[in-house]
There are 2 protein chains.
Amino acid sequence: MNKKTAMIVTLICGLLIATTVTAETKISPAPNGIEMPKDYKSWQILGVSHRTDKNSLRIILANSVAYKAASEGKTNVWPDGSMIAKLAWKDSTHPKFSSATVPGELAHVEFMIRDSKKFADTNGWGYARWLGLEQKAYGNDANFAQECSSCHEQAKETGYVFTRLAPLP
Amino acid sequence: MNKKTAMIVTLICGLLIATTVTAETKISPAPNGIEMPKDYKSWQILGVSHRTDKNSLRIILANSVAYKAASEGKTNVWPDGSMIAKLAWKDSTHPKFSSATVPGELAHVEFMIRDSKKFADTNGWGYARWLGLEQKAYGNDANFAQECSSCHEQAKETGYVFTRLAPLP
């Protein structure tokens with residue numbers, strides 16, 4: 001292989017790798033344009049819940065801005081930059097422990113992102129949800145967020161967030 | 001204040017601060033000598049569960065060694081250095097959402113620490129538990145771990161760990 005051929009091969013390989021990496025990591029944004037925060041799995045624990053109407057188990061995480069606000073009780077209103085993630089799995093029963101409800105398949109990963117100006121129409125919170133392991137963006141158009149926001153009206157006095165900080169030392 | 005007096009005052013203040021910090025952070029080890037891992041809140045999510053017999057919600061976290069083993073399905077046997085934390089809260093009902101079971105008071109934080117030689121008597125796992133926000137070490141003497149270990153015998157085929165990795169992308 002001469003120098004020119006080697007360079008072309010290197011270039012093609014580079015492009016192929018770049019395409020593969022992009023294909024693997026690309027998750028469609030929500031219909032309102034929100035991109036999935038990349039680092040949510042490393043956020044801090046805000047809470048946990050079991051929804052008996054939806055038969056699902058949830059872990060709720062907060063980024064550093066939201067965690068600080070929750071720790072200091074400054075949740076009405078939450079500061080801009082707050083981000084909250086909710087990971088929800090369908091209920092399953094532990095095969096060796098019948099009194100333990102444990103995660104079955106992943107239902108969805110969803111987010112609340114605080115930007116009081118950008119998301120003024122939904123009480124200052126941007127909503128986004130991705131379904132299952134395939135991470136399919138939820139909602140046909142940007143109006144899906146009204147569904148989220150109208151339910152969260154019930155939690156108005158805690159800044160439209162249902163989850164309260166789970167006590168930990 | 002002359003130079004000598006200032007130095008003495010500085011020294012006393014330093015000692016007072018050091019004593020206060022030590023008093024705040026000191027948690028008694030478990031009766032088998034296990035110290036609480038300091039960084040467990042930053043570990044990765046292994047799972048979540050709702051124990052309907054104990055009426056408690058749990059989040060289960062894994063350190064990097066245990067998380068890697070779980071991700072690769074290498075859990076029989078788990079590698080030495082694996083550490084798993086379980087944070088358990090008593091059930092409570094969300095005041096605005098009756099179908100959501102959420103954390104009430106903290107029941108305990110407990111750990112499994114893998115050292116196949118040191119903890120050979122309990123199938124290679126060291127057990128420790130601290131109760132409530134006061135973090136009181138559980139157990140009257142080192143034998144308390146037999147209680148943990150004998151129950152975990154049921155999970156022998158998954159390396160004595162009940163929790164299976166919750167699916168996440």
A:Lys96 vs. criteria out of contact with any Ser or Thr (no Cβ under 8 Å at 6 or more places or on another chain) and more than 14 Å from chain B (Cβ to nearest Cβ): no
Within segment A:149-167, restricting attention to residues that are under 17 Å from A:Lys68 (Cα atoms) and small (Gly, Ala, Ser), which residue is nearest to the other protein chains (Cβ to nearest Cβ)? A:Ala166
Members of segment B:67-100 that are closer than 10 Å to B:Gly159 by Cβ and touching a residue at least 40 places away in the same chain (Cβ under 8 Å): B:Ala70, B:Thr75, B:Asn76, B:Val77, B:Trp78
Within segment A:126-166, which residues are outside any loop (DSSP other than H, G, I, E, B), of a type in the set (Phe, Trp, Tyr) and more than 26 Å from B:Thr93 (Cα to Cα)? A:Trp130, A:Phe144
Please find, among B:Glu72, B:Glu24, the residue that is at pLDDT 95 or above and of a type in the set (D, E, K, R). B:Glu72
Mind listing just one residue for me: the one in segment A:44-73 that is part of a loop (DSSP other than H, G, I, E, B) and more than 17 Å from A:His108 (Cα to Cα) and, of those, nearest to the other protein chains (Cβ to nearest Cβ)? A:Asn63
If you go through B:Ala142, B:Ala100, the only one that is surrounded by fewer than 16 Cβ atoms within 10 Å (Cβ to Cβ) and more than 16 Å from the chain's Cα centre (by Cα) is B:Ala142
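The values are calculated or read from the model by the stated rules, or taken from the named source; none is laboratory data. Please read these numbers as outputs of a predicted model, since none were measured by experiment. Glycine also receives a Cβ, built like all others from the backbone with ideal geometry; neighbour counts cover every protein chain displayed.
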